[in-house]
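Here is the structure we will look at, set down as structure tokens.
The values are calculated or read from the model by the stated rules, or taken from the named source; none is laboratory data. As the structure is a prediction and not an experimental result, all values here were calculated from the model. Cβ placement follows ideal geometry from the backbone for every residue including glycine, while neighbour counts extend to all protein chains displayed.
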Amino acid sequence: MTFRSGFACLVGRPNAGKSTLTNAMVGHKIAITSDRPQTTRRVLRGIVNRPDGQLIMVDTPGLHRPRTLLGERLNDQVRETWSSVDVVGLCIPADQEVGPGDRFIATELAGMRNRPIVAVVTKTDSVSRETVAERLMQVTELGQEVGLAWAEVVPVSARTGAQVDLLVERLITHLPEGPVLFPEGTDEAITDEIAIAELIREAALEGVQDELPHSIAVVVEEIVPREDRPVDRPLTDVRANLFVERETQKAIVIGKAGSRLKQVGTKARKEIEVLLGTPVFLDIRVKVAKDWQKDPKQLRRLGF
């Protein structure tokens, strides 16, 4: 059997289902999901191991019209990732008409030569079969319109798992022949610090309004085993700073008498414990970094 290995990424306009589908393909959460656009910020990697290949999935931010320096840098990340992976999947949601955002990204992808582009129609469980068929026809027409020859067209549902395995199989066929790139048994290629920061940010995103989601950044300062604990009762201390841009936003995140921050900590802690495999004491401090999305120095300090 020919063994193939390499990198793939799913791209598309915000809320096309990229992160949810990436998580479904890897088999567990590596990317946070939200119903708000531009939730994904970091280029995260998850690994799919199969007998015939190793597929490294790169989850990227959605390409969008930037309004801040952070937005510009996220777009740069997307384009840099496109140029470095072996195969690209363009996600187009079945529950929405093909629109200007899809056309814009497809046009950019059409300019990439010698790289297979797979059209992925997502969220097929949310519409009728007739609508899925209509969307597949629109995707075919989109490729013809922008001069893009799809390597594959695959409809999927990340929520039900329908055809997710087929998508993995088809993506692997477009990888180069090569050895295992990450040790067998490895299913993610991101640091615990980044994974934990994203889990905390996801918990903080729930229930907030207006522009607040894009004003939140999380930096993990420390992950250390608690000393003097019995071997059968380990505890890991995790300390993180959650940054917002204004004092009013800080008050929203903390909530009355700290009620909302407590909810954030409880939700994040449960997922961090699954990630680390040990009970966790989570300490989150909320701080203000004024207009950090527009400040190059603060962006660097926050990891962007």
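Does region 155-167 contain at least one residue that is exposed (fewer than 15 other Cβ atoms within 10 Å of the Cβ), assigned to a helix (DSSP H, G or I) and out of contact with any helix residue (DSSP H, G or I) (no Cβ under 8 Å at 6 or more places or on another chain)?
Within region 155-167, one or more residues are exposed (fewer than 15 other Cβ atoms within 10 Å of the Cβ), assigned to a helix (DSSP H, G or I) and out of contact with any helix residue (DSSP H, G or I) (no Cβ under 8 Å at 6 or more places or on another chain).
Working only within region 271-295, note down all residues that are assigned to a loop (DSSP other than H, G, I, E, B) and touching a residue at least 60 places away in the same chain (Cβ under 8 Å).
Hits for region 271-295 are Ala289, Asp295.
I'd like the full set of residues that are loosely packed, with under 14 Cβ neighbours inside 10 Å and within 16 Å of Val88 (Cβ to Cβ), limited to region 125-154.
If the condition is that a residue be loosely packed, with under 14 Cβ neighbours inside 10 Å and within 16 Å of Val88 (Cβ to Cβ), then Gly147, Ala149 are the ones that fit.
Of the residues Val208, Val220, only one is at pLDDT 85 or above and either surrounded by 13 or more Cβ atoms within 10 Å (Cβ to Cβ) or in a strand (DSSP E or B) (or both); which?
Result: Val220 is the single residue among Val208, Val220 that is at pLDDT 85 or above and either surrounded by 13 or more Cβ atoms within 10 Å (Cβ to Cβ) or in a strand (DSSP E or B) (or both).
Would you check if Val238 is of a type in the set (A, V, I, L, M, F, W, C), buried (at least 19 other Cβ atoms within 10 Å of the Cβ) and under 25 Å from the mean Cα position of the chain (by Cα)?
yes
For region 89-115, give me each residue that is crowded, with 17+ Cβ neighbours inside 10 Å and touching a Ser or Thr at 6+ places or on another chain (Cβ under 9 Å).
Passing the criteria: Cys91, Ile92, Pro93, Ala94.
Would you point out which residue out of Thr33, Thr39 is modelled with pLDDT under 65 and either surrounded by fewer than 20 Cβ atoms within 10 Å (Cβ to Cβ) or within 22 Å of Asp165 (Cβ to Cβ) (or both)?
Thr33
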